[in-house]
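All remarks here apply to the structure that follows.
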Amino acid sequence: MTRASETLAAWLLGLLWILPLAYAGWTAFHPREYSARFVLAAPLTLQNFVEAWNAAPFARYFLNTFLLVTLVLAAQLVLCTLAAYAFARFEFAGRSAAFLLVLVQLMIMPDVLIVENYRTMSRLGALDTVLAIGLPYMASAFGIFLLRQTFKTVPKELDEAARVEGAGALETLWKVYVPLARPVYIAYALVSVSYHWNNFLWPLIVTNSVTSRPVTVGLQVFSSTDQGVDWSIITAATLLTSGPLLVAFLLFQRQFVQSFMRAGIR
Amino acid sequence: MVTARRPSATTNQHVLGWLLLLPAAVLLVTFTHYPTVATLYHSLFSTPKAGRPAVWVGLENYQAMAADPVFWQSLRNNVLFALGTIPTSMALALAMALLVNGKLRGRAFLRLSYFTPTILPMIAVANIWLFFYTPGYGLVDQITRLFGLSSHNWLGSRDTVLACLVVVTVWKEAGFFMIFYLAALQSIAPVLAEAAAIEGAGRWYFFRRVTFPLLMPTTLFVLVNAVINSFRLVDHIVVMTKGGPDNASSLLLYYIYDVGFKFWDTAYAAALTMVLLVILASVAIGQFLLLDRRIHYR
């Protein structure tokens, strides 16, 4: 293949790939009559977004999602850091067996254990709370694995130097390991936030009220109510729910792509 | 706070190691290991009903499963769905990575365009595509009309529904997998390409004999992820088809969701989950064996 035909193929594929999003954008930003008609003179409007926003408690859904991703990420960072440190630098009995048991979660994710985890949540009395959505994901095997690999690359001399100066285990972790692993933390945080912002099936199952529903479930409840299908409003709501993440992605594209790359190389 | 002044104190190492691990271990056991074992346990009992506690039924749930045509259909759909999505999205991912790895006009835009679907929630993607597939009105019908074809109910027909879902999934996942190929391509030393150019090797030859073999670990990694995703992700089914028409688009996890949370037959849902767990475990074992072999050959 010549360079020119390669460029052509790349562009055709690129346009094909952006087309769905562009089309959704067209429908959402134009009045209803133009939702499936392409006229260059069609007037732009934000009316669809206003109507969508007023038709369902999206503000509350956004708050719930925000709480969810913050809670999950905070817990993940603390739990995974401590566990990864243990696996990387402590010789304790049963370490390899424990590590294997952690890795089980890479294959058997909470996503597929919905029936039993629902039973557990109902027994804990946690159904229909933001906490219930987040709990199964807080101890993340992926996070533990990623940080363990990173901590293992920290030179032992740095660790020992800190110890000689009288730093305890946690102090050493905080002052030596955590700062050195910063790029990995950022990568992990971006992956985690986008995963939990987008998660749907488990939140759909454990929530059943406005006070705990994240935006993904809220969007589904909103668009599946049978009050006549109005695509202009539904696409507006769809763009609304993915908006914050999409804007963040456009602004920090480089970091996003690099983070996903970093998180993938293990 | 516990201080480990002397790392040589081995009891300290044991205690501290476990203490650090404890919080994560508690949650992992509660939400991964316990439910895995509990699934097996509950699949051997009947579903408790009001006033009737669960009783031991042995393999009855599994016998019911073997005789359940919807289960077999969901399993068959899932295999077809996997066969439809995995090779296509991986091949596209590799092609995309090779394209945007080279020097090319508008490379930044192209990367953006390929990767953006990854950032969107599957639920949002499903909503957008649901609109495209709308008979008579949606984008797909508008395009086919240009070619003189008549309107078609894409999601309402048993023949096309699964293919429609495959298209959505490929669109969503290819850009994600591209990232891993891109990362791997960038780690290949440019010296290799220079040497090959001096030797007069064609680009296709170079790709076949050098690039592709070097990408094998990435291909394996992506493959495992793609297989897991094809059994894990059913958000789009909930939005677009609810498994219909006539279960023609029901996937295994979606059927579990249906049985467990619409009919509340939790014991049968547990038996179905066991099938899913066995599939995922086989993927894990397969990956382990493949990795093993690769290391031996090196």
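The values are calculated or read from the model by the stated rules, or taken from the named source; none is laboratory data. These figures come from a predicted structure and were not determined experimentally. Note that we place each Cβ from the backbone using ideal geometry, even for glycine, and neighbour counts take in every protein chain shown. When the accessible area is computed, the model is the full protein with side chains, heavy atoms only, and any ligands, DNA or RNA have been set aside. Shrake-Rupley method; radii C 1.70, N 1.55, O 1.52, S 1.80 Å.
Listed by first and then second residue, the pairs linking a residue in segment B:129-151 that is under 13 Å from residue A:231 (Cβ atoms) and in a loop (DSSP other than H, G, I, E, B) to a residue that is modelled with pLDDT of 80 or more and aliphatic (A, V, I, L, M), with Cβ atoms under 6 Å apart and 6 or more places separating them unless they lie on different chains, are B:133/B:140; B:133/B:155.
Among the residues of segment A:88-99 satisfying the criterion of being free of Cβ contacts under 8 Å to residues at least 24 places away in the same chain and of a type outside the set (A, V, I, L, M, F, W, C), which is most open to solvent (accessible area, probe 1.4 Å)? The residue in question is A:91. Of everything in segment A:211-225, what is free of Cβ contacts under 8 Å to residues at least 12 places away in the same chain and not β-branched (Val, Ile, Thr)? Give them in sequence order. Across segment A:211-225, the qualifying residue is only A:224. If only residues of segment B:31-69 that are part of a helix (DSSP H, G or I) and open to solvent by 80 Å² or more (accessible area, probe 1.4 Å) are counted, the one that is nearest to residue A:117 (Cα to Cα) is B:34. Where helices (runs of 4 or more DSSP H) fall wholly inside segment B:161-267, the ranges with 1 or more residues that are within 13 Å of chain A (Cβ to nearest Cβ) and surrounded by fewer than 23 Cβ atoms within 10 Å (Cβ to Cβ) are B:161-186, B:203-206, B:216-232, B:235-240, B:252-261.
Filtered by the rule that a residue be within 12 Å of another protein chain (Cβ to nearest Cβ), under 17 Å from residue A:71 (Cα atoms) and assigned to a helix (DSSP H, G or I), segment A:173-211 gives A:190, A:191, A:193, A:194, A:195, A:196, A:197, A:198, A:202, A:203, A:206. If you check A:102, A:115 for being facing another protein chain (nearest Cβ under 9 Å), touching a residue at least 24 places away in the same chain (Cβ under 8 Å) and either in a helix (DSSP H, G or I) or more than 18 Å from residue A:149 (Cβ to Cβ) (or both), only one passes: A:102.
Restricting segment A:153-185 to residues that are of a type in the set (Gly, Ala, Ser) and more than 18 Å from residue A:82 (Cα to Cα), the residue that is least open to solvent (accessible area, probe 1.4 Å) is A:166.
Listed conditions (1) free of Cβ contacts under 8 Å to residues at least 12 places away in the same chain; (2) outside any loop (DSSP other than H, G, I, E, B); (3) open to solvent by 50 Å² or more (accessible area, probe 1.4 Å) are all met by residue A:23, apart from (3).
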